[in-house]
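I have placed the structure first, in the form of structure tokens, so that the comments after it can refer back to it.
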Amino acid sequence: MSTSCPRCATLDLDIAIRTPGEFAKALRVIRANLTDGTLEAIPAGDEGARGSFSDLSEAGPWPDRVDCRFVCAGCGRRYRLRVERIRMPDAQQKAGLVVQVRHAFADVVYPGDDRLTDSFGDEPDALARDFRGRDDWTTLDADFLNQAPEGWGSALSFFSGHALRFYLPAYLVADLEGTLLIGDPTTRLCAFVTPIMEGKRVAKFYGGGTLGEHARRQFAVFDAAQVAVIVAYLWWKLDEAGYDPTVEQALENYWLPREADFGGHG
Ligand SMILES: [Zn+2]
């Protein structure tokens, strides 16, 4: 295998593309290198190249399979952009995910009446009253989840880490079944672990530190199976709801590395 030259040395990387955002970044980098003459595109049909790079816009939509080849104008080294999008039939995917959620969270124990929230104020107080003694999340129906606590519909924002782990599956199942109308689990799971938000300071009153540190501490209670199902849910959400930079960045920044720490194949 030939080695890179000074012109193309910065391109000599093996990068896994996991998300639409990472694919868009790769397109930008390659386009810049075509523009400045570092790379030349190998025409479709030559050397196994499929499709034409110039047909790929950064905004998409993209074909399910991309396989474009490039050559360095300086040294002749070949580069390749290869992506395959994995899709599942939606109904099958949803049914499978519901089963996966129920299984991954089956053994989580009710955290206790005094550990439902660590926040202060009207909504957390209402949460503590509304969820008190509700020690079987499988019995909570969508009508309850959509209004809890006491009509605010904001419980997901105020659960303690342990309460989140206990009640999250009820919300995920309702969302997958299309009955969750108020509240979005992705907000609680993603908003504070994006690069932009995670460094923001938390008031001393709430214990200081950063939003990211708080979220990571709360998410630390999720085990490998639970992290895997959260990642699968976020992929489904990204596909279902379309492009959502918060979900995508949270996957790249936190959930995929977290899954990889468990030896997953994210
Ligand atoms: Zn080169």
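Would you mind listing the helices (runs of 4 or more DSSP H) fully within the stretch 69-181 where at least 2 residues are within 25 Å of ALA203 (Cβ to Cβ)? Explain how you work it out, then say what you get.
Working: elements: 90-104, 122-131, 142-147, 155-158, 161-176.
In the stretch 69-181, 122-131, 155-158, 161-176 are the helices (runs of 4 or more DSSP H) which contain 2 or more residues that are within 25 Å of ALA203 (Cβ to Cβ).
Residue check: is ASP90 of a type in the set (Asp, Glu) and within 30 Å of ASP136 (Cα to Cα)? Reasoning before the result, please.
Values: of a type in the set (Asp, Glu): yes; within 30 Å of ASP136 (Cα to Cα): yes.
When the stated conditions are applied, ASP90 passes them.
Would you mind telling me which numbered condition in (1) over 30 Å from SER52 (Cα atoms); (2) outside the structural domain of LEU168 (by TED's automatic domain parsing) CYS75 fails?
Here CYS75 clears every test but (1).
Among the candidates ALA9, ALA44, ALA49, ALA32, single out the residue that is touching a Pro at 6+ places or on another chain (Cβ under 8 Å) and farther than 23 Å from TRP236 by Cα. Please lay out each step first, then the result.
Numbers: ALA9 fails: touching a Pro at 6+ places or on another chain (Cβ under 8 Å); ALA44 fails: touching a Pro at 6+ places or on another chain (Cβ under 8 Å); ALA32 fails: touching a Pro at 6+ places or on another chain (Cβ under 8 Å).
When all the criteria are applied, what remains is ALA49.
Tell me the residue from ALA41, ALA32 that is of a type in the set (A, V, I, L, M, F, W, C), out of contact with any Asp or Glu (no Cβ under 6 Å at 6 or more places or on another chain) and part of a strand (DSSP E or B), please. Walk me through how you get there before you give the answer.
On the way: ALA32 fails: part of a strand (DSSP E or B).
So the residue among ALA41, ALA32 that is of a type in the set (A, V, I, L, M, F, W, C), out of contact with any Asp or Glu (no Cβ under 6 Å at 6 or more places or on another chain) and part of a strand (DSSP E or B) is ALA41.
Taking interchain pairs and intrachain pairs at least six residues apart, which have beta carbon atoms under 9 angstrom, with the first residue in the stretch 231-244 and basic (Lys, Arg) and the second at pLDDT 90 or above and in a helix (DSSP H, G or I)?
Here the result reads LYS237/ASP175; LYS237/PRO185; LYS237/THR186; LYS237/VAL247, each pair linking the stretch 231-244 to a residue that is at pLDDT 90 or above and in a helix (DSSP H, G or I).
How do the pairs read when you match residues in the stretch 3-14 that are in a helix (DSSP H, G or I) with residues anywhere that are more than 7 Å from the ligand (Cβ to nearest atom) and among the β-branched types (Val, Ile, Thr), using Cβ under 8 Å and keeping only pairs 6 or more apart or on different chains?
Sorted first by the residue in the stretch 3-14, then by its partner, the pairs are LEU11/VAL29; LEU11/THR38.
Could you identify the single residue in LEU164, LEU116 that is crowded, with 20+ Cβ neighbours inside 10 Å and closer than 24 Å to GLU240 by Cα? Walk me through how you get there before you give the answer.
Details: LEU116 fails: closer than 24 Å to GLU240 by Cα.
The unique qualifying residue is LEU164.
Within the group GLY121, GLY76, which residue is in contact (Cβ under 8 Å) with a residue 12 or more places away in the chain, on the phi > 0 side of the Ramachandran plot and out of contact with any Leu (no Cβ under 9 Å at 6 or more places or on another chain)? Break it down stepwise before answering.
Details: GLY121 fails: in contact (Cβ under 8 Å) with a residue 12 or more places away in the chain.
One residue alone meets the criteria, GLY76.
If the requirement is being more than 16 Å from the ligand (Cβ to nearest atom), in contact (Cβ under 8 Å) with a residue 60 or more places away in the chain, of a type outside the set (Lys, Arg) and out of contact with any Gly (no Cβ under 7 Å at 6 or more places or on another chain), which of these qualifies: VAL101, VAL109?
On the way: VAL109 fails: in contact (Cβ under 8 Å) with a residue 60 or more places away in the chain.
Going through VAL101, VAL109 in turn, the sole match is VAL101.
Taking PHE192, is it closer than 18 Å to GLU259 by Cα and free of Cβ contacts under 8 Å to residues at least 24 places away in the same chain?
On the way: closer than 18 Å to GLU259 by Cα: yes; free of Cβ contacts under 8 Å to residues at least 24 places away in the same chain: yes.
Yes, satisfied.
Looking at the stretch 10-37, which of its residues are surrounded by 10 or more Cβ atoms within 10 Å (Cβ to Cβ), of a type in the set (Gly, Ala, Ser) and at pLDDT below 90?
Once the filter is applied, which keeps residues that are surrounded by 10 or more Cβ atoms within 10 Å (Cβ to Cβ), of a type in the set (Gly, Ala, Ser) and at pLDDT below 90, the stretch 10-37 yields only GLY21.
The values are calculated or read from the model by the stated rules, or taken from the named source; none is laboratory data. Treat the numbers as computed from the prediction; the structure is a model and nothing was measured. Here the Cβ is made from the backbone with ideal geometry for all residues, glycine too, and neighbour counts use every protein chain on show.
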